[in-house]
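Take this structure first; my questions come after.
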Amino acid sequence: IYADPAKRLELYFRPKDPYCHPVCANRFPTSTMLLRVRRRSKKKQQLDTEEQIQPEVQFEMEILGIVTTVYKFQGMSDFQYLAMHSGPDDKQTSMYDKVLMVKPEKEEFFNKDLPLYIPPPIFSRLDTPIDYFYRPDVQHREGYNNPQVSGENLIGLSRARRPHNAIFVNFDDEEIPTKPLDAAVQNWKKVCTNPVDKKVEEELRKLFEVRPVWSRNAVKANISIHPDKLKLLLPYLAYYMLTGPWRSLWVRFGYDPRKHPEAKIYQVLDFRIRCGMKYGYAATDMPVKAKRSTYNYSLPITVKKQGSHTVSVHDLKQGLGTAGTSGARKSPSSRYKLKESVYIFREGALPPYRQMFYQLCDLNVESLQKIIHRNDGTESECTERDGWCLAKTSDDLRDSMSLMIKQIIRSTRPALFSNTTSTEDGKEQMAYESGEDEDDEEEEEEDFKPSDGSENEMETEILDYV
């Protein structure tokens with residue numbers, strides 16, 4: 001526990017009782033001293049038998065060291081539940097020897113007639129008392145009627161809207177925006193206070209002139225800008241596609257990819273690295289680590305989450321970050337840039353994360369580009385699923401990319417594939433693992449949250465603006 005500053009110290013009053021609920025201690029920094037105190041008593045010589053002997057007491061103190069961390073138990077300790085049964089005469093009977101299996105038992109053990117015992121499925125998430133501060137009923141004036149209930153005045157499950165003023169467009173919307181909202185213009189002009197920001201604005205304008213559709217990761221790999229400022233700059237220059245083949249991408253104002261067949265190279269591909277025993281390697285053998293793991297979860301009462309690092313006003317004005325020392329800081333031109341691998345797929349290289357959102361033009365493999373351009377010049381209709389590409393193009397791309405990744409893993413870890421065989425022509429039978437068409441055992445491993453430096457997931461990006 002001491003090695004991990006984010007965890008709380010647990011105290012079990014009955015360590016051998018699986019139903020014992022722990023008391024948790026919070027970690028606090030301190031600057032105190034650890035003392036060793038010795039008390040020495042020396043008896044005086046007895047001069048008179050009637051007089052009481054008063055021993056001579058001496059104290060010796062020694063400083064052993066400095067204590068920098070302490071754990072304080074400040075929570076309530078009454079969250080306990082015993083495996084007991086109340087009889088008709090209110091006599092409590094222990095059930096531990098009847099419900100706990102401490103050794104291999106025969107069938108008779110499981111067929112015993114026992115009173116019903118159901119422990120609570122979960123204890124309180126809090127171990128400190130909290131005042132709720134209930135509000136009194138509002139006293140309206142006479143004649144007041146409550147407004148009609150609608151979706152606008154209901155408390156939703158999502159978080160409150162954030163004032164980034166991005167424009168969202170669905171695939172079936174008829175019109176596309178040609179200019180930003182006035183609030184988006186004002187927000188950007190308010191923070192664009194130094195030459196660095198104006199230079200970044202011009203760089204992003206040039207990027208949208210060269211290529212009208214960009215993902216946020218692709219933008220962050222080409223220009224260096226503070227993440228909080230990028231949230232204000234993107235709505236100033238582009239709108240956000242929610243659905244369709246260009247979902248989760250930023251499109252230049254005035255450009256409608258649904259009317260331009262050449263825009264198919266900017267479509268998005270949701271690619272997830274396939275793993276499982278049916279592919280020859282398990283999730284633990286994957287060279288690309290998961291962004292989260294189910295084995296690292298802890299109960300809310302046992303983990304003390306650290307607060308997120310706040311950004312100072314000085315950092316936003318200068319366009320610089322707060323990480324690192326002054327001697328090791330990067331130049332402003334590359335401080336916030338991501339690596340190209342976060343949005344470009346190359347043959348012979350593994351993706352940095354198990355789930356990636358690639359644009360088709362960023363698949364830098366000749367065989368993949370041939371699949372994309374199979375219908376060049378014959379595009380007739382833009383569909384919500386496949387865009388300007390042929391049907392099942394995304395499935396063909398995923399299969400080819402999965403084979404490439406499997407070959408990379410095979411070359412780096414040949415022992416994993418020593419017992420596997422391939423079908424004729426070297427084609428592996430791989431199912432499409434998007435989480436939509438089949439119930440896969442590895443689906444839980446593929447639903448990731450973005451890690452540091454990665455914001456690939458479409459829903460995460462939408463929540464930054466909604």
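Could you tell me which of the residues ASP228, ASP270 is modelled with pLDDT under 95, assigned to a helix (DSSP H, G or I) and not β-branched (Val, Ile, Thr)? Step through it out loud before you land on a result.
On the way: ASP270 fails: assigned to a helix (DSSP H, G or I).
Answer to the selection: ASP228.
Return yes or no: is TYR255 among the aromatic types (Phe, Trp, Tyr), outside any loop (DSSP other than H, G, I, E, B) and either under 26 Å from MET356 (Cα atoms) or open to solvent by 40 Å² or more (accessible area, probe 1.4 Å) (or both)?
Values: among the aromatic types (Phe, Trp, Tyr): yes; outside any loop (DSSP other than H, G, I, E, B): no; either under 26 Å from MET356 (Cα atoms) or open to solvent by 40 Å² or more (accessible area, probe 1.4 Å) (or both): yes.
For TYR255, the condition - among the aromatic types (Phe, Trp, Tyr), outside any loop (DSSP other than H, G, I, E, B) and either under 26 Å from MET356 (Cα atoms) or open to solvent by 40 Å² or more (accessible area, probe 1.4 Å) (or both) - is not met.
Please work out which residue is modelled with the lowest pLDDT, limiting yourself to the stretch 63-119 and to residues that are among the aliphatic types (A, V, I, L, M) and in a strand (DSSP E or B).
Filtering the stretch 63-119 for residues among the aliphatic types (A, V, I, L, M) gives 63-64, 66-67, 70, 76, 82-84, 95, 99-102, 114, 116, 118.
When the remaining residues are screened for being in a strand (DSSP E or B), the result is 63-64, 66-67, 70, 84.
On the way: ILE63: 94, LEU64: 94, ILE66: 94, VAL67: 93, VAL70: 93, MET84: 86.
Step by step, filter the stretch 63-119, then rank; the result is MET84.
Let me ask something else. Regarding ASN217, is this residue open to solvent by 50 Å² or more (accessible area, probe 1.4 Å), within 30 Å of GLU384 (Cα to Cα) and assigned by the TED database to the domain that holds THR383? Before you say what the answer is, go through the steps one by one.
Values: open to solvent by 50 Å² or more (accessible area, probe 1.4 Å): no; within 30 Å of GLU384 (Cα to Cα): yes; assigned by the TED database to the domain that holds THR383: yes.
It is false that ASN217 is open to solvent by 50 Å² or more (accessible area, probe 1.4 Å), within 30 Å of GLU384 (Cα to Cα) and assigned by the TED database to the domain that holds THR383.
Across the stretch 3-42, what is the number of residues that are within 28 Å of the chain's Cα centre (by Cα), hydrophobic (A, V, I, L, M, F, W, C) and more than 17 Å from TYR81 (Cβ to Cβ)?
Selection size over the stretch 3-42: 5.
Here's something else I'd like to know. Could you list, in sequence order, all residues of the stretch 127-147 that are open to solvent by 100 Å² or more (accessible area, probe 1.4 Å) and of a type in the set (Ser, Thr, Tyr)?
TYR132, TYR134
Let me ask something else about it. May I ask you to list the residues in the stretch 192-214 that are assigned to a helix (DSSP H, G or I) and open to solvent by 40 Å² or more (accessible area, probe 1.4 Å)? Working first, answer last.
Filtering the stretch 192-214 down to residues assigned to a helix (DSSP H, G or I) leaves 195-210.
Answer for the stretch 192-214, where residues must be assigned to a helix (DSSP H, G or I) and open to solvent by 40 Å² or more (accessible area, probe 1.4 Å): PRO195, VAL196, LYS198, LYS199, GLU202, GLU203, ARG205, LYS206, GLU209, VAL210.
(1) free of Cβ contacts under 8 Å to residues at least 40 places away in the same chain; (2) exposed (fewer than 10 other Cβ atoms within 10 Å of the Cβ): which one isn't true of PHE109, the others all being true?
(2)
Something else now. I'd like the full set of residues that are open to solvent by 80 Å² or more (accessible area, probe 1.4 Å) and at negative phi, limited to the stretch 377-392.
So the first thing to find is which residues in the stretch 377-392 are open to solvent by 80 Å² or more (accessible area, probe 1.4 Å), and the list is 378, 380-381, 384-385, 392.
Within the stretch 377-392, THR378, SER380, GLU381, GLU384, ARG385 meet the criteria.
The values are calculated or read from the model by the stated rules, or taken from the named source; none is laboratory data. Everything numeric here is computed off the predicted structure, so don't read it as measured data. Virtual Cβ from ideal backbone geometry, glycine too; neighbours counted across all protein chains shown. Surface areas here come from the heavy atoms of the whole protein model, side chains and all, with no ligands, DNA or RNA. Shrake-Rupley method; radii C 1.70, N 1.55, O 1.52, S 1.80 Å.
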